[in-house]
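Each remark here refers to the structure printed beneath this line.
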Amino acid sequence: MLKQRIITAAILGPLMVAGLFGLDGGGFAIFTGGVVALAAWEWANLAGIVRLAPRLAYVAALVALMIVGWFSGAVHATWPLWLALGGWLLSFLWVARYPDGGHQWRSTPRRALIGMWVLLPCWVGFVQLRADGLEWLLYVLLLVWLADIGAYFAGRRFGRRKLAPRVSPGKSWEGVYGGMMVTALLALGYATGLSLNIADTLWLVVATLLVTLVSVLGDLLESMFKRWRGIKDSGRVLPGHGGILDRIDSLTAAVPLFALLRLWL
């Protein structure tokens, strides 16, 4: 397993860096859209769509919406980001009450629709952050990665109180606090590097802490659906790493929210 993880990371790492930071405009939209389309294939399974034809149709529908969003200009609008915010507030209630309240999301059509508002605003957020400049795209990626690292080590060392034991027993509140401390330091360092004024620095710290919390929710929502479906990984496309969704679950929540908060920075 370790050998598979290393080989997969060695191959995909440079490709992801080249795609995320070497492309812009339409090329970047196509690259990130391809990643989101692969995630949609896996989400269809989380939704309970297991037959080949319906899963392909689900992916095709999402791709069609991305194409419409690009040519209509909706990809540069703020309403998809607000839609994401509303959806993640609702998903917080689902995760906090699990398994109660499952009647609101349990059906296959509803889980399929949830996948649309999770994945499409994530793509919109990526496109908008890239249009703002590489520094903010890099920032949100660092935020999520460092939050995961901080949560992992803080959870292992200090973890006592379970965050959502019925959804993801391994996560603790101490891990969340550790992730927030690391990302707060990232915000202060980034603000210094960009010579932000005091007001913008404070807003960046606040926005960063909010996005850190929401990134955990992105992980928990996917974990909830995987637990309901009785599966360990969202897919097998990444040997040793699981599926695409397993790698971007936190980003699906963090990217659109940060893109929205970024408007006030």
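Quick rundown of the values:
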| quantity | calculated |
| --- | --- |
| Cβ charges +1 (Lys, Arg) and -1 (Asp, Glu), total dipole of segment 47-140, debye | 460 |
| Among L141, G48, L81 the positive-end extreme of the charge dipole of segment 46-141 (Cβ point charges) | G48 |
| Percentage relative contact order, segment 4-114, counting C-alpha pairs under 8 Å, at least six apart | 24 |
| Solvent-accessible area, 1.4 Å probe, carbon plus sulfur percent, for segment 50-161 | 70 |
| Value at 222 nm in deg cm²/dmol, rounded to 500, when DSSP H runs of n ≥ 4 in the chain each add -39,500 (n - 2.57) | -27000 deg cm²/dmol |
| Cα-based equivalent ellipsoid, the chain: semi-axes from gyration tensor eigenvalues, Å | 26, 24, 19 |
| Where the chain is the region considered: accessible area per residue in Å², 1.4 Å probe | 49 |
| Loop-located trypsin sites (Lys or Arg not before Pro) in segment 138-192, at most 16 other Cβ atoms within 10 Å (DSSP) | R160, R161, R166 |
| Size of electric dipole in the chain: Cβ of Lys, Arg +1 and of Asp, Glu -1, about Cα centre, debye, nearest 20 | 1160 |
| Length added when fully stretched, R106-Y152, from 0.36 nm per residue minus Cα-Cα | 13.5 nm |
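The values are calculated or read from the model by the stated rules, or taken from the named source; none is laboratory data. Fair warning: this is a prediction, and the values are worked out from it, not measured in the lab. Heads up, the Cβs are rebuilt from the backbone with ideal geometry, glycines too, and the neighbour counts pull from every protein chain shown. Calculation scope for accessible area: heavy atoms of the full protein, side chains included, ligands and nucleic acids excluded. Shrake-Rupley method; radii C 1.70, N 1.55, O 1.52, S 1.80 Å.
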